[in-house]
Amino acid sequence: MCRSIKTLRPPATPEVTDEDIRAAALQYVRKVSGFRAPAAHNREVFDQAVDAVTAATRELLDGLQIRGSAARRSPHSATP
């Protein structure tokens with residue numbers, strides 16, 4: 001669906017930054033909404049959607065277990 005969104009899980013991408021995750025979320029919201037840049041009256045809901053998708057993506061990546069290793073932990077994880 002979103003060809004410009006790259007795979008963010010290891011080992012495809014060993015180092016994932018917050019910027020990588022936000023960029024993927026932005027591309028997803030752009031695709032789903034049909035807006036590259038929303039009008040002023042849609043900006044707030046658009047930005048909220050990007051924030052929500054960013055958070056959901058971080059949660060997903062933090063929770064994934066990569067075959068042959070323990071659960072992936074990042075500096076953003078709540079537990080050590």
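The values are calculated or read from the model by the stated rules, or taken from the named source; none is laboratory data. Computed from a prediction, not measured in an experiment: that's the story for all the values here. Please note: Cβ atoms are built from the backbone with ideal geometry, for glycine as well, and neighbour counts cover all protein chains shown. The protein model used for the area step is the full one, side chains on, heavy atoms only, and it has no ligands, DNA or RNA in it. Shrake-Rupley method; radii C 1.70, N 1.55, O 1.52, S 1.80 Å.
So the values come out like this:
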{"item": "List F46, F35, ordered by accessible area with a 1.4 Å probe, largest first", "result": "F35, F46"}
{"item": "Charge dipole magnitude, Cβ of K and R +1, D and E -1 - the stretch 1-41, Cα centre, debye nearest 20", "result": "280"}
{"item": "Two-site FRET efficiency, D20 against D47, from Cβ-Cβ distance with R₀ of 25 Å, rounded to 0.05", "result": "0.85"}
